[in-house]
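First comes the structure, then the notes that go with it.
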Amino acid sequence: MKNSNTIRKVLSLIHRLRRGYISLVFISRVIAAAQPFVGIIFSSKIIDLLIQRAPASLIMKYALILVTSTAILNALEWGMKAFITVGEQVLNEKINQMISEKTCRIDYDILEKHETLDMIKKAQEGMNSRGGIQSFCTNLAAGIQNIVTIIYSIILLVPVFIPAPSAGLTGIGNFVNKWYSVFILILAIGMNTVMNMLDRKLEAKVQQSFFERNVVWNRRYSYWFTMVFNYSLGKYIRLYDMQKMLSAKVGQASDNMENEFYTLRDKLLKISWIPIVVNVILQFVTYAYVGLKAVFKLISVGDSMKYVGAYTNLAQSVQNIAGIFTELDIESKYLAYFYDYMAIENKRYEGTIPTEKRDDNVFEIEFRDVSFKYLNTETYALRHVNQKITLGSKTAVVGKNGAGKTTFIKLLCRLYEPTEGQILLNGVDIRYYDYKDYAKLFGVVFQDFNLFSATIGENVASSDEYDEKLVIECLDKAGFGERLAKMPDGIRTNIYQYEENGVEISGGEAQKLAIARALYKNAPFVILDEPTSALDPVAEYEIYQHFDQMVEDKTSIYISHRMSSCRFCDNILVFDEGQIIESGSHEELMKEGGLYSELWNAQAQYYA
Ligand SMILES: Nc1ncnc2c1ncn2[C@@H]1O[C@H](COP(=O)(O)OP(=O)(O)OP(=O)(O)O)[C@@H](O)[C@H]1O
């Protein structure tokens, strides 16, 4: 993306997100730019009046004007700055929100890739730190201020270029009184500007390559650093003495970041002397030129102060403008990461067909020769899976670890698309159904069921607005009723310590909440991946006893390593190395004497 294009995009984004912000910045900078000139004009006047021994009342009058106008301009600028600072914060937050919303929408398999995680970090860093929107706004403001300063300076400097009546001046005195002597000053400004631009360009290159290399370390550092503050991990950190490993991980990332910083510092040091030297030359030329005019009495002492002030401001602003353009150029590269991230396109079919809203929940799923490979992997996690899941059936999925059970469910829920083959819902490829509509068909509890530190009601309903009666009903069905009765604020009780008065709940209780969440969704398919692994025997028994009642007429699929819990299912699918190698009822599979009976017997011997 071209940088000017990015700058245009950022400006229109700022305008869209915070109307009036750019105008406010503009006005405040015009005021800020005026301030030094008020000082320059009035103090030079006062100096001349002092030299001419003017009446004290006249000097006081100018001093008063100087102080009052400076105070007014200061107050105006200060008031506007407060609005601008808040505006910058709001802009930052809105942009972070855009990044997080995008992250929620992005294809799940794209999100899982570390390249995407790096990109998210780059987008965040690009927007928030070095090239951030704040610094973009600051530069934008500075650009406006410097342009206004240049205009003020030129207006103030015009008289210095008009030759004064010079009776019999020769040599240098005559030269500095000629209009073309101004080229010395223009040349000095030009040289200063060009050298500064070259220097900034070099710096930009160094900074950019530093950013590119550092973002990976930065992401790793953030990951390990936040792990330290995750209190639920705190128990493992203590019991497994992980502190050393964590410190080493944080240390390794921070050492690498530190080394990158040293490299950056050394490279910058090598180039940063250039503008300093050039600036000294510029200062020398200015003072010599204006000083000579004063020596030859072509201007007054007060005026010479005024012109030096105006010229220094002009030179500084021209130099700043060059720097700002280079800076905006660099920043647009960083800001482009945000646009690159926002431009990532989902590859998954969004689909358009609505899923039929059938009161009878007549849905039939068919896996037709489905094979699947995760991104960036060589081996197939599923191979040639052919299976129908019929209406209202209760299906159990069993198999050894890594056999492909969860992958089977993830594909069914369209978190991934099959590498080969098709999954059909009522005879139509599921990709053609509207994605959001399709997702509504499934109430799923995965092994990593992740609850939020929010109220119980919000966790169950997955929303901050919910039907309280239904939430309580689902919690009851999931076996959480007794615990709920002891909660200080019922379903309005926050869980976990990230919220005020958050209540800690056990692993089993959390699992029950996750089951209640799936039930609240009232989806035609209920899928439970290891639904009872954390439940006590009584709770587990109750869940299975009430399973029929719990899932009512829904089609249910659940994965379990507790073989005894499969007995009540109509159909059991046995997965091995990505394939369904056996299927049937408990009795049929036991008779078959295959992997299922092997797994069953292996577990049964502990209870014998
Ligand atoms: N996101 C992923 N990226 C790459 N490979 C994955 C991913 N998730 C799972 N796998 C691999 O796919 C295979 C099947 O995993 P899956 O989670 O489906 O197994 P499972 O039968 O549910 O195992 P378990 O009983 O341990 O939960 C495993 O070899 C696993 O390492």
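The values are calculated or read from the model by the stated rules, or taken from the named source; none is laboratory data. Quick caveat, the model's predicted, so the values are computed rather than measured. Every residue, glycine among them, receives a Cβ derived from its backbone with ideal geometry; neighbour counts consider all protein chains shown.
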Helices (runs of 4 or more DSSP H) wholly in segment 404-482 with at least 2 residues that are more than 15 Å from the ligand (Cβ to nearest atom) and in contact with a Phe, Trp or Tyr (Cβ under 8 Å, 6 or more places away or on another chain) - which ones? 456-461, 468-477
Scan segment 568-608 residue by residue and report those that are more than 16 Å from the ligand (Cβ to nearest atom) and assigned to a loop (DSSP other than H, G, I, E, B). 568, 569, 570, 585, 593, 594, 605, 606, 607, 608
Unique residue being modelled with pLDDT under 90 and touching a helix residue (DSSP H, G or I) at 6+ places or on another chain (Cβ under 6 Å) when the list is 478, 516, 523: 478
Considering segment 172-202, residues that are in a helix (DSSP H, G or I) and polar (S, T, N, Q), and then whichever is farthest from residue 146 (Cα to Cα), we arrive at 174
Given the criteria at pLDDT below 90, under 30 Å from residue 373 (Cβ atoms) and under 41 Å from the mean Cα position of the chain (by Cα), does residue 533 qualify? yes
Can we say residue 334 is more than 13 Å from the ligand (Cβ to nearest atom), aromatic (Phe, Trp, Tyr), under 30 Å from residue 193 (Cβ atoms) and not in a strand (DSSP E or B)? yes
Could you tell me which residue of segment 387-397 is surrounded by the most Cβ atoms within 10 Å (Cβ to Cβ), considering only residues that are among the aliphatic types (A, V, I, L, M) and more than 9 Å from the ligand (Cβ to nearest atom)? 396
Contact list, first residue from segment 96-113 and without any contact (Cβ under 8 Å) to a residue 40 or more places away in the chain and in the same structural domain as residue 335 (by TED's automatic domain parsing), second anywhere and more than 16 Å from the ligand (Cβ to nearest atom) and of a type in the set (Ser, Thr, Tyr), beta-carbon distance below 7 Å, six or more apart or interchain, is 111/103
Apart from one, (1) under 24 Å from residue 323 (Cα atoms); (2) within 21 Å of the chain's Cα centre (by Cα); (3) not basic (Lys, Arg) all hold for residue 202; the odd one out is (2)
Could you grab me the full set of residues in segment 18-40 that are touching a residue at least 40 places away in the same chain (Cβ under 8 Å) and of a type in the set (Val, Ile, Thr)? 22, 25, 27, 30, 31, 40
Is there a residue in segment 371-386 that is within 11 Å of the ligand (Cβ to nearest atom), loosely packed, with under 15 Cβ neighbours inside 10 Å and of a type in the set (Val, Ile, Thr)? yes
Would you check which residues across segment 278-297 are touching a residue at least 40 places away in the same chain (Cβ under 8 Å) and not in a helix (DSSP H, G or I) and list them? 296
With 147, 155, 189, 162 as the choices, which residue is surrounded by 13 or more Cβ atoms within 10 Å (Cβ to Cβ) and out of contact with any Ser or Thr (no Cβ under 9 Å at 6 or more places or on another chain)? 189
Restricting to segment 425-437, name every residue that is among the hydrophobic types (A, V, I, L, M, F, W, C) and surrounded by fewer than 16 Cβ atoms within 10 Å (Cβ to Cβ). 428
Does any residue of segment 301-308 turn out to be in the same structural domain as residue 44 (by TED's automatic domain parsing), within 30 Å of residue 218 (Cβ to Cβ) and not aliphatic (A, V, I, L, M)? no
